[in-house]
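The values are calculated or read from the model by the stated rules, or taken from the named source; none is laboratory data. None of these values were measured; they are calculated from a predicted model. Don't worry about glycine lacking a Cβ; one is built from the backbone with ideal geometry, like all the others, and counts go over all protein chains shown. To get the accessible areas, we keep the full protein, side chains included, count just its heavy atoms, and leave off ligands, DNA and RNA. Shrake-Rupley method; radii C 1.70, N 1.55, O 1.52, S 1.80 Å.
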Amino acid sequence: MKLLAIYRCLCDETRLRILHLLSVKPLCVCHLQEVLGEPQVKISKHLAYLKVQGMVEGRRYQNWMIYSLPQKRSLELDTNLRCLQDCVSTEPVFKKDLRHLTKLKTDCDGLTTKSKATSSSPTSDCAC
C-alpha cells in the first residue's frame, strides 16, 4: 500500500474513528453507525473509501456487511495503524467510542467464520 494513500485515509476523523474501532474487532455497518452516531450513508461511504484503499476488508453475512482490518497488511499500513493506537489515548472521542462499543452486544467476529456462519445467529443490538 502506498504511503500517500494511507495518509489520505487517515486525514479524516470519521475514518480514524472507524479504523480505531476495527482494531478492536470486526464490526458491521450498523454497529459503527451506533457507536459513531452518524448516518448509515456516511459510514458506508467512508468504509467504501477505506476498502478501495485496502485499509479494510468486508465480508457479507446474511444482511450484515462485516468490516475488519486486513489480515495481510503492508509494513506502512501496519506501522501507521500501530501509531494510531498509540496516539488515540489522549483524545476523548476515541475513549468515548470504546466505552460505547463495550456497551453493544456484538459478535461480528464470529460471523466471519464458516462454522459459526452456518450454525448461529449474531448476538447483537443490531437492527440489520
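Among all positions in segment 21-44, there is no residue which is at pLDDT 95 or above, surrounded by 19 or more Cβ atoms within 10 Å (Cβ to Cβ) and among the basic types (Lys, Arg).
Here the condition is being among the aromatic types (Phe, Trp, Tyr), surrounded by 14 or more Cβ atoms within 10 Å (Cβ to Cβ) and either modelled with pLDDT under 90 or at positive phi (or both); of 49, 67, 61, it holds for 61 alone. As a summary of the residue check, residue 123 satisfies the conditions (1) part of a loop (DSSP other than H, G, I, E, B); (2) touching a strand residue (DSSP E or B) at 6+ places or on another chain (Cβ under 8 Å); (3) modelled with pLDDT under 90 except for the one numbered (2).
The set of residues from segment 70-83 being part of a helix (DSSP H, G or I) and either open to solvent by 20 Å² or more (accessible area, probe 1.4 Å) or not aliphatic (A, V, I, L, M) (or both) comprises 75, 76, 78, 79, 80, 82, 83. Look at segment 3-14: where a residue is farther than 16 Å from residue 78 by Cα and a partner is open to solvent by 40 Å² or more (accessible area, probe 1.4 Å) and in a loop (DSSP other than H, G, I, E, B), sitting 6+ places away or on another chain with Cβ atoms under 8 Å, you get 14/38.
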